[in-house]
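Scroll down for the structure; my scribbles are underneath it.
Every number in this text was worked out from the coordinates using simple rules, so none of it is lab data. Note that the structure is predicted; figures quoted are calculated from it, not measured. Here Cβ is always computed from backbone atoms with ideal geometry, including for glycine, and neighbour counts include all displayed protein chains.
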Amino acid sequence: DVKVTQSSRYLVKRTGEKVFLECVQDMDHENMFWYRQDPGLGLRLIYFSYDVKMKEKGDIPEGYSVSREKKERFSLILESASTNQTSMYLCASSTRGGWPNEKLFFGSGTQLSVL
Amino acid sequence: AQSVAQPEDQVNVAEGNPLTVKCTYSVSGNPYLFWYVQYPNRGLQFLLKYITGDNLVKGSYGFEAEFNKSQTSFHLKKPSALVSDSALYFCAVRDLESGGYQKVTFGIGTKLQVIP
């Protein structure tokens, strides 16, 4: 089975801090995604990447950046954390070979609290 | 633009009874439709997908979904609910009309509570 691992389950940071959320997948998937999940809003796409060093903005990229230096790793960066970025962050991956009906494989999520 | 609506925040059903979780979609072209489930403190897991062909799609854990093009719906169903089915369910859609890599759009989720 595909395993998508997010480095932290819970994270507490202070306003203004630079925050790194890490995600690693072990199935050689080309596509990787960062979503945030908020009650009443569902999942919203922040950024995605379909290849190493490639990135595309999703629906809500403001205040975030990403890095994909290796195929298996996709990092989400909050340059200066703010309280409205308190959320559950979900990483996902998929194989390009199955596009467009490929399924997404999700990590367990990182619950980030910004105080 | 593509969108998905899940009109019910929560669905309650007695164990052993049939369940339905509703989803409607809006796309400009032909839709690819998905259902995902999220158990407490877990990420989302794929349940099933509709591409083309039969309107009734079977998926994991005894779930199935019915695609209705005229009503633009893709409701999730199960003949007999289990307490272990209690979870958050997300409908999702991908529209291929626009070309390029099209992202998947998720609904806001429906909480299913199966009562013993």
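Things to note:
- Averaged over A:83-94, number of beta-carbon atoms from partner chains that fall within 10 Å: 1
- Calculated FRET efficiency, residue A:79 to residue B:51, Cβ-Cβ distance, R0 = 45 Å: about 0.70 to the nearest 0.05.
- In chain B, inverting the average of 1/r over every pair of distinct C-alpha atoms gives 14.3 Å as the Kirkwood radius.
- For the residues of A:25-35, the average number of beta carbons from a partner chain within 10 Å of their own beta carbon is 1.
- Going by neighbour counts of Cβ atoms within 10 Å, the residues B:75, A:29 line up, fewest first, as B:75, A:29.
- Evaluated with a Cβ-only charge set (Lys, Arg +1; Asp, Glu -1), region A:1-41 carries a dipole of roughly 380 debye about its Cα centre, given to the nearest 20.
- Pairwise centroid distance, computed over Cα atoms, of region A:1-66 with region B:1-29, Å: 26 Å
- Fluctuation leader among A:14, A:36, A:73 - chain A, Gaussian network, Cα springs under 10 angstrom: A:14
- Global form of region A:1-45, assessed from the alpha-carbon gyration tensor, a/c cut-off 1.5: oblate
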